[in-house]
Ligand SMILES: [Zn+2]
């Protein structure tokens with residue numbers, strides 16, 4: 001009797017915790033590092049909008065500074081994911097169902113997942129094997145989830161977004177290697 005009663009509060013506590021903490025990340029190995037809710041648009045993709053592109057970015061900031069910019073409600077910018085240079089660690093900042101503000105083009109924002117890579121367009125030492133490999137795994141999983149072809153028509157550079165005044169990821173980003181990794185991830 002005593003033992004049976006003792007299990008009740010534990011069960012209630014476990015249920016409460018489970019309800020309060022739904023699974024945060026879409027990519028299982030990602031770390032949840034949420035952007036300010038002022039920096040993206042809540043949505044219910046792919047029901048609300050089709051998701052048919054992945055946009056590749058380079059941060060021009062450190063990994064840590066990028067996360068703090070996304071947390072700052074004054075900055076009005078975010079991306080779904082940030083990949084760290086040194087080890088390919090992935091942070092998720094916006095749920096894939098929501099619309100991150102990364103492409104500088106509303107139509108492209110609505111229909112894409114944005115991935116930031118720590119580094120600078122003119123510093124190729126930031127484009128490490130680990131970063132290419134982990135980013136390619138992430139992009140491959142996104143393409144599989146939404147039925148996006150794993151090609152350069154659908155996995156695009158920020159500078160290829162119509163109206164973009166950004167240059168990232170720049171000419172030193174190895175697209176041939178990246179697309180190959182995405183296809184064999
Ligand atoms: Zn960009």
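The values are calculated or read from the model by the stated rules, or taken from the named source; none is laboratory data. All of these numbers come straight from a predicted model, not from anything done at the bench. Cβ coordinates were reconstructed from backbone atoms using ideal geometry, including for glycine residues, and neighbour counts include every protein chain displayed.
For the reader, a short list of remarks on this structure follows.
- Qualifying residue in region 140-152 (condition: buried (at least 19 other Cβ atoms within 10 Å of the Cβ), modelled with pLDDT of 95 or more, within 16 Å of the ligand (Cβ to nearest atom) and not in a helix (DSSP H, G or I)): no
- Considering residues of region 153-176 that are part of a helix (DSSP H, G or I) and surrounded by fewer than 20 Cβ atoms within 10 Å (Cβ to Cβ) only, the residue nearest to the ligand (Cβ to nearest atom): 159
- In this structure, residue 73 does satisfy being assigned to a loop (DSSP other than H, G, I, E, B), free of Cβ contacts under 8 Å to residues at least 40 places away in the same chain and either over 15 Å from the mean Cα position of the chain (by Cα) or surrounded by 22 or more Cβ atoms within 10 Å (Cβ to Cβ) (or both).
- Candidates are the residues of region 20-39 that are in contact with a helix residue (DSSP H, G or I) (Cβ under 9 Å, 6 or more places away or on another chain) and crowded, with 16+ Cβ neighbours inside 10 Å; the one that is farthest from residue 179 (Cα to Cα) is 36.
- Flag if residue 133 is outside any strand (DSSP E or B) and either modelled with pLDDT under 95 or under 8 Å from the mean Cα position of the chain (by Cα) (or both): no
- Hey, residue 129 within 15 Å of the ligand (Cβ to nearest atom) and either surrounded by fewer than 22 Cβ atoms within 10 Å (Cβ to Cβ) or without any contact (Cβ under 8 Å) to a residue 24 or more places away in the chain (or both) or not: no
- Test for residue 115: is it within 20 Å of residue 28 (Cβ to Cβ) and either within 16 Å of the ligand (Cβ to nearest atom) or buried (at least 21 other Cβ atoms within 10 Å of the Cβ) (or both): yes
- Test: residue in region 76-96 that is surrounded by fewer than 20 Cβ atoms within 10 Å (Cβ to Cβ) and within 15 Å of the ligand (Cβ to nearest atom): yes
- Residue in region 19-26 that is farther than 21 Å from residue 145 by Cα and modelled with pLDDT of 50 or more present: no
- Of all residues in region 49-70, those satisfying the criterion of being out of contact with any helix residue (DSSP H, G or I) (no Cβ under 6 Å at 6 or more places or on another chain), touching a residue at least 60 places away in the same chain (Cβ under 8 Å) and away from the ligand (no atom under 15 Å from the Cβ) are 50, 52.
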